[in-house]
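Read the figures in this text as sums done on the coordinates, not as results from a lab. Because the structure is predicted, anything quoted here is derived from the model rather than measured. Neighbour counts are summed over all protein chains in view; Cβ atoms, including those assigned to glycine, are modelled from backbone coordinates with ideal geometry.
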Amino acid sequence: MTTAHPDARRETLGLWLGVLGVAIFAITLPMTRLATGTATQPQLSPWFVTLGRAALAGGLSAIFLLATRSPLPQRHQLKPLGMAVLGNAIGYPLLLAYALRVVTASHAAVITALLPLVSAMVAARVLHQRARLGFWVCAVLGSALVVAFSLLRAHQQGHGFGFEWADLLLVGAVIAASFGYIYGAQVTPALGAERVICWVCVMALPLTLPATALLWPAQPVATSAWIGFVYLGVF
């Protein structure tokens, strides 16, 4: 009987964690729409969802950083972390929340499916990475397959697909997330991926905490909207 090599086991674990992460990320689209409601039946405001979810994540992140006795980021790491705050904690969720008040989650999935390709393009620009032609061919084909699948699913569910003005918000969300990811990746080797995410959320707390209190809904909100909101903040 043979046992798997430790590197092979770690690689397998990494792949499964990646699959889980993608699944959790994919559910943020319907959960965001659940939290914000629609233009005709609004629930939580996009601003509250954006800043409130970041405040909730920031509180959980602070607990993790304290529990693991994580050192403070160094001064030269603050700029990349700050760019990640703008892109991932504010830009992407805010634009997505406003867009999902207008379009369905399946419609939004068509546009956000381009996020990996756009991230690769931003990485090539910001990090000066030179990928081979085969990489770009596979990246474009992979993105095209995901978009085609999203269009097919939308058609099967009777939603159809027509370009909306909200698609501009979705494009902006994709670009914001891409820049946030790439700048966060600059400090990931030194801080660790989990600490980068946590420090991004903690650094946003001076803005997100008071804003959440200020924007707290005065009107009753459906339980389903709160469930979506909590999912966004935790996961």
Practice problem: Between residue 47 and residue 79, take the C-beta separation as r, use R0 = 30 Å, and let me know the FRET efficiency to the nearest 0.05. | Solution: 0.75
Exercise. Decide, for the range 106-235, between rounded, prolate and oblate: order the square roots of the alpha carbon gyration tensor eigenvalues as a ≥ b ≥ c, take rounded if a/c falls under 1.5, and otherwise choose prolate if a/b is larger than b/c, else oblate.
Key: oblate
Quiz item: By average Cβ neighbour count within 10 Å, what is the ranking of 176-187, 66-77, 224-235 from highest down?
Solution: 176-187, 224-235, 66-77
Quiz item: Projected onto the charge dipole of the range 1-152 (+1 at Lys/Arg Cβ, -1 at Asp/Glu Cβ, origin at the Cα centre), which of 146, 50, 40 gives the Cα projection farthest towards the positive end?
Solution: 50
Exercise. Sort 164, 11 so the one with the fewest other Cβ atoms within 10 Å of its own Cβ comes first.
Key: 11, 164
Quiz item: Using modelled backbone amide H atoms (1.01 Å from N, in-plane), which distant-in-sequence or interchain residues come within less than 5 Å of residue 37's amide H?
Solution: 43, 44
Practice problem: If a/c stays under 1.5 just call it rounded; otherwise compare a/b with b/c (prolate if a/b is bigger, oblate if not). Do that for the range 4-94, with a ≥ b ≥ c from the square roots of the Cα gyration tensor eigenvalues. | Solution: oblate
Quiz item: D for the range 195-235, whole µm²/s, Stokes-Einstein with Kirkwood Rh over alpha-carbon pairs at 4 °C and 1.567 mPa s: what number?
Solution: 109 µm²/s
Quiz prompt | Chain lengthening between residue 38 and residue 219 when straightened (0.36 nm per residue, less Cα-Cα) | solution = 63.6 nm
Quiz item: Which of rounded, prolate, oblate describes the range 88-128, given a ≥ b ≥ c as roots of the alpha-carbon gyration tensor eigenvalues and a/c under 1.5 marking rounded, otherwise prolate only if a/b is larger than b/c?
Solution: oblate
Exercise. For the chain, just run the numbers: alpha carbon Rg, then divide by 2.2 N^0.38 Å, N being how many residues it has.
Key: 1.07
Quiz item: In nm, what is the difference between 0.36 nm times the number of residues separating residue 171 and residue 26 and their Cα-Cα distance?
Solution: 50.6 nm
